[in-house]
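Only the coordinates and a few stated rules stand behind these numbers; no lab work does. All values reported here derive from a predicted model rather than from experimental measurement. Here Cβ is always computed from backbone atoms with ideal geometry, including for glycine, and neighbour counts include all displayed protein chains.
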Amino acid sequence: MPEFAARRRRLMSQMGRGSAAVFVSAQESNRNGDVDYPFRQDSTFYYLTGFEEPNAVAVLRPGHDEPFVMFVRPHDPEQAIWVGPRAGVEGACERFGADAAFPIEELDEKLGGLLSSATTLYFPFGEVEHSHVEPLIARHIARRRAAAQRGMAPLEDVRDPLPLVDALRVVKSRAEVAALQAAIDATGAGLVAAMRATRPGLHEYEVQAILETEYRLAGSPRDGFPTIAAAGEHSCTLHYTANRARIEDGDLLLLDTGAEIDYYGADVTRTFPANGKFTSAQRDVYQIVWEAQAAGIARVRPGVTFHSVHNAALKVLVQGLIDLRILRGSVQSNIERDAYRPYFMHGTSHWLGLDVHDAGIYRANGKSTQLVPGMVLTVEPGLYLATDAPRVPKRLRGIGVRIEDDVLVTPSGRRNLSARIPSTVEDLEAIVGQG
């Protein structure tokens with residue numbers, strides 16, 4: 001638990017004395033009948049507590065004798081028979097480092113007292129899963145307002161704590177990087193197994209099954225997001241997840257996927273020929289995207305801006321579209337007119353961590369965020385030459401290519417955490433279908 005305790009200390013040092021923050025866990029969600037969706041803890045709640053059970057609340061109070069208080073479900077011997085034991089009130093203290101803990105049923109009774117001396121209250125209003133706690137917070141605010149009219153200390157400010165937490169989450173510790181690396185390594189094992197097994201005649205879901213089997217064998221309890229297994233024309237659909245089609249001879253197969261380990265998820269994309277051999281048209285498009293990604297990765301280092309990574313990759317993509325005779329004119333004029341947008345319609349990067357699109361801002365006060373050591377971002381340019389896209393020559397229609405890696409900003413530059421996963425034309429042709 002030292003990692004989680006350090007995170008709470010950093011957050012409370014920014015909150016300051018005289019403040020309090022309330023965080024709420026995820027809730028169990030019914031799928032159908034008496035079946036629930038598999039439970040996963042809310043990322044922010046897990047980041048601060050390491051607690052993986054639903055129906056819990058954490059209260060942070062800087063400067064108090066008991067700064068970390070939890071409300072949790074008590075241990076229930078009967079429920080333990082059916083679904084397993086709970087940590088309970090004792091476990092919240094002994095295993096998760098709470099300074100005090102109470103049954104969740106006592107939240108309404110005790111929350112007001114815990115918050116009574118705070119002049120600033122941090123609570124993320126508007127979150128769907130917090131709706132059962134919001135009325136308690138609202139009643140506390142109303143009581144404090146009434147008490148202030150009688151001369152008692154007022155509640156001066158109510159703030160959203162997520163900007164503070166997100167600023168912490170965007171810079172990863174060594175433990176977080178290790179968890180990400182484990183997830184990326186599991187993802188690489190899955191991708192290599194899928195490449196070896198892929199051949200025309202399989203279905204997209206069969207390749208997905210091979211991927212995700214490797215994830216489970218590597219210790220990943222779940223995927224970071226639904227796998228995209230997109231063959232042929234489907235590779236031009238950015239978030240295609242049906243994964244039901246038959247893979248035909250001559251198709252490219254785009255796999256955008258990521259295992260999750262210790263709540264940290266990978267996000268890696270590889271595109272390769274299902275029959276093991278790129279056509280000349282596929283190779284031309286693929287090489288442009290590969291060179292664009294190389295330019296984006298080369299840009300990553302401390303002090304540069306987040307959006308400069310995108311700009312470096314974009315210039316290569318636009319020059320490639322000109323070379324393919326899809327666009328005309330200069331690189332700069334096509335960028336200024338957004339002429340590339342029918343073929344490349346997304347950003348090149350996003351933060352990566354507990355969420356696949358992780359916490360952290362990309363721009364503040366009109367300026368792009370500067371990269372600092374510990375940040376992890378994807379670099380994922382692509383070209384999508386759909387059959388109905390304008391000005392695409394016949395030989396290029398239906399080709400979609402995306403290549404994505406996960407890159408850590410280091411003090412001296414960068415480290416591509418997924419570099420060992422094959423991505424060159426030569427490496428892909430050597431491995432696909434060889435299983």
Choice from GLU78, GLU90, GLU260 showing the highest fluctuation, given a GNM over the chain with Cα pairs closer than 10 Å: GLU78
Largest to smallest principal axis extent of the C-alpha atoms in segment 199-267, angstrom: 38, 22, 15
Cα centroid separation, segment 116-168 to segment 56-98 (Å): 22 Å
Degrees, to the nearest 10: 204-217 long Cα axis against longest axis of the chain: 50 degrees
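Test of understanding: what is the full-extension gain from LEU238 to ARG196, defined as 0.36 nm times their sequence separation minus their Cα-Cα distance? Please report the intermediate quantities before stating the final value.
Working: separation 42, 0.36 × 42 = 15.12 nm, distance 2.41 nm.
That pair, LEU238 and ARG196, stretches by 12.7 nm at full extension.
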Value of Rg to Rh for segment 320-381 (Rh from inverse mean 1/r over Cα pairs, i.e. Kirkwood): 1.09
Inter-site label distance for SER333 and ARG174 at 7 Å from Cα along Cβ, in nm: 5.5 nm
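Is the shape of segment 171-431 rounded, prolate or oblate, going by the alpha carbon gyration tensor and its root eigenvalues a ≥ b ≥ c, with a/c under 1.5 for rounded and a/b larger than b/c for prolate?
On the way: a/c = 1.91, a/b = 1.05, b/c = 1.83.
Taking the square roots of the gyration eigenvalues as a ≥ b ≥ c, segment 171-431 is oblate.
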Lys, Arg +1 and Asp, Glu -1 on Cβ, resulting dipole of segment 318-403 about Cα centre, debye, nearest 20: 500 debye
Spacing of the two label points (7 Å from each Cα toward its C-beta) at GLU52 and SER29, in nm: 1.9 nm
Angle between the chain longest axis and helix 134-149 axis [Cα atoms, degrees, rounded to 10]: 50 degrees
Contour minus Cα-Cα distance for HIS203 and ASP99 (0.36 nm per residue): 32.1 nm
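Take every DSSP beta bridge whose two residues both sit in segment 2-168, then give the antiparallel share in percent to the nearest 5. Show your work: numbers first, answer last.
Details: 10 of 20 bridges.
Taking every DSSP beta bridge with both residues in segment 2-168, the antiparallel ones total about 50 percent.
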Backbone N within segment 93-121 under 18 Å of label point (7 Å from GLU3 Cα along the Cβ vector): 95-98
Choice from ILE288, ILE184, ILE322 showing the highest fluctuation, given a GNM over the chain with Cα pairs closer than 10 Å: ILE322
Pair THR120, ASP249: separation of 7 Å Cα→Cβ label points (nm): 6.8 nm
Sequence-distant residues sharing a close amide H with ALA101 (under 5 Å, placed H): MET70
Positive minus negative residues near SER330 (Lys, Arg vs Asp, Glu; Cβ under 12 Å): +2
Antiparallel DSSP beta bridges within the chain, percent to nearest 5: 80 percent
√(5λ) per eigenvalue of the Cα gyration tensor, segment 195-327, largest first, Å: 27, 23, 11
Principal semi-axes in Å for segment 61-170 [√(5λ), Cα gyration tensor, largest first]: 29, 17, 15
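Which value in deg cm²/dmol, rounded to the nearest 500, describes the helix-derived mean residue ellipticity at 222 nm for the chain, given -39,500 (n - 2.57) per DSSP H run of n ≥ 4 and division by the residue count? List each step's numbers first, then the result.
Working: 13 runs with 157 residues, N = 435.
Value at 222 nm, helices only, nearest 500: -11000 deg cm²/dmol.
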